[in-house]
1. So if I check each of R300, R317, which one is basic (K, R), surrounded by 16 or more Cβ atoms within 10 Å (Cβ to Cβ), outside the structural domain of K171 (by TED's automatic domain parsing) and under 27 Å from P242 (Cβ atoms)?
2. Any residue at all in the range 273-285 that is farther than 25 Å from K135 by Cβ, among the small types (G, A, S) and surrounded by fewer than 20 Cβ atoms within 10 Å (Cβ to Cβ)?
3. Kindly check whether there is at least one residue in the range 199-217 that is touching an Asp or Glu at 6+ places or on another chain (Cβ under 6 Å), of a type in the set (D, E, K, R) and outside the structural domain of K355 (by TED's automatic domain parsing).
4. Right, E353: surrounded by fewer than 15 Cβ atoms within 10 Å (Cβ to Cβ) and touching a strand residue (DSSP E or B) at 6+ places or on another chain (Cβ under 9 Å) or not?
5. Being farther than 20 Å from G64 by Cα, in a loop (DSSP other than H, G, I, E, B) and touching a Phe, Trp or Tyr at 6+ places or on another chain (Cβ under 9 Å) is the filter here; which residues of the range 203-234 pass it?
6. Limited to the range 102-128, what total is found for residues that are in a helix (DSSP H, G or I) and either among the basic types (K, R) or crowded, with 22+ Cβ neighbours inside 10 Å (or both)?
7. Among the residues of the range 242-258, are any among the aromatic types (F, W, Y), over 29 Å from N103 (Cα atoms) and not assigned by TED's automatic domain parsing to the domain that holds M181?
Amino acid sequence: MIQRAALLRSRLVQSLQLCPVSSQLGSRYCYTSNAASSLQQVQEPSIYSGDEYADVDWDNLGFGLMPTDYMYTMTSSKDGHFAKGQLSPFGDIKMSPSAGVLNYGQGLFEGTKAYRKENGNILLFRPDQNAIRMKIGAERMCMPSPSIDQFIDAVKQTALANKRWVPPPGKGTLYMRPLLMGTGPILGVAPAPEYTFLIYASPVGNYFKEGFAPLNLLVEDDYARASRGGAGGVKAISNYAPVFNAMKRAKGRGYSDALYLDSANKKNLEEASSCNIFVIKGNLISTPATNGTILPGITRRSIIEIARDSGYKVEERDIPVDELVGADEVFCTGTAVVVAPVGSITYKDKRIEFKVGAQSVSRQLYSTLVGIQMGHIEDTKGWTIEIN
């Protein structure tokens, strides 16, 4: 598994080509395009093709679903191979009531974003890493998955088809949600016989209602997010509904989110409901190790590299909750939240406060990351793909 994952990480394909096909979801509109040309429709012209931007209040964009023009679908054959995918108008999909995803939660999702540059072109950030993480998750959930090439191609197609929904520079991003679902019918407890890969998109602003204001977290000491041997280390859809109760309880008490501890001993930090966590003390930045219960976030990995390049020592290790008392800073990372400073964490009714503001380490790391994502800082790592 380790050798295979290493091989996957070395592959990054930037080709862009799509041909017409049909699937169990029905006949769809189909497009062809490449990285050097605009999206061209094979059948009837798009009514949106002349619009530079959708009619959206970009200055008040929150993190909620705003249906865009097109989605992308691709269905596996019975031998587990995915045929070429297709774009279709955004809409509902048909599914058997005995689909594996509905009955047994056999599904994964990813999250990635498209950013608009000042010249109008679109930047994608490390979609190969999303593809790799989905393949690893699919192996854990006994599912076939699209190839790295197919995944990246699908993300490109979705971004270009919905280009008018990509916010102006500095106003937000186009969030894209790749899904892999067991859509074939199954009654007994077993993998589904057929799978669907789907991507839809929505323009978004800040994930937390606080915007860039510091988060206030509540340590959850009743519920656990994940346990050893479970699926906490992959982006399974079944990981998220179980945190709703703890989130609701935390937000009901005025906190931004819940922060979870390890299920075995209830003493080590793990992560928040939808993001990884980092703790800073002096020149040392620590984050919980991805040991099977913590999602290996792509933003997490990127921040680790940026921090090391900036001269900080970064450790991935167990972090006892008691260490929070002596921490200088705490921040969270994720595709949706990007880099969010934490102003306070409350544990057993004791509130611990941390440094925030323009001079904080988290703000510096955020500025570097977003600078790369938006094309303001030269990408020397090959993390971004530019399309137009």
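1. Values: R317 fails: surrounded by 16 or more Cβ atoms within 10 Å (Cβ to Cβ).
Answer to the selection: R300.
2. Of the residues in the range 273-285, the ones farther than 25 Å from K135 by Cβ are 277-285.
Checking which are among the small types (G, A, S) leaves us with 282.
Okay, now just the ones that are also surrounded by fewer than 20 Cβ atoms within 10 Å (Cβ to Cβ), so 282.
So far as the range 273-285 goes, yes, one or more of its residues are farther than 25 Å from K135 by Cβ, among the small types (G, A, S) and surrounded by fewer than 20 Cβ atoms within 10 Å (Cβ to Cβ).
3. no
4. On the way: surrounded by fewer than 15 Cβ atoms within 10 Å (Cβ to Cβ): yes; touching a strand residue (DSSP E or B) at 6+ places or on another chain (Cβ under 9 Å): yes.
Yes; evaluated as a whole, the condition is true for this residue.
5. Looking only at the range 203-234, we keep the residues that are farther than 20 Å from G64 by Cα, and these are 214, 216-234.
Filter once more, so that each one left must be in a loop (DSSP other than H, G, I, E, B): 214, 221-234.
Listed by number, the residues that qualify are P214, D221, Y223, A224, R225, A226.
6. Our first condition is that a residue be in a helix (DSSP H, G or I); within the range 102-128, this holds for 102-104, 127-128.
Within this subset, residues satisfying the condition of being either among the basic types (K, R) or crowded, with 22+ Cβ neighbours inside 10 Å (or both) are 127-128.
Here the count works out to 2.
7. Going residue by residue through the range 242-258, those that are among the aromatic types (F, W, Y) are 244, 255.
Still in the list and also over 29 Å from N103 (Cα atoms): 255.
Next cut, not assigned by TED's automatic domain parsing to the domain that holds M181 only: 255.
Scanning the range 242-258, I find at least one residue that is among the aromatic types (F, W, Y), over 29 Å from N103 (Cα atoms) and not assigned by TED's automatic domain parsing to the domain that holds M181, so the answer is yes.
Condition check ((1) touching a residue at least 12 places away in the same chain (Cβ under 8 Å); (2) under 23 Å from F63 (Cβ atoms); (3) surrounded by fewer than 21 Cβ atoms within 10 Å (Cβ to Cβ)) across all residues:
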{"site": "T158", "(1), (2), (3)": "yes, yes, no"}
{"site": "K171", "(1), (2), (3)": "yes, yes, yes"}
{"site": "L179", "(1), (2), (3)": "yes, yes, yes"}
{"site": "G184", "(1), (2), (3)": "yes, no, no"}
{"site": "L187", "(1), (2), (3)": "yes, no, yes"}
{"site": "P191", "(1), (2), (3)": "yes, no, yes"}
{"site": "F197", "(1), (2), (3)": "yes, no, no"}
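The values are calculated or read from the model by the stated rules, or taken from the named source; none is laboratory data. Note that this is a predicted model, so its numbers are computed, not measured. For neighbour counting, all protein chains shown are included, and Cβ atoms are generated from backbone atoms with ideal geometry for every residue, glycine included.
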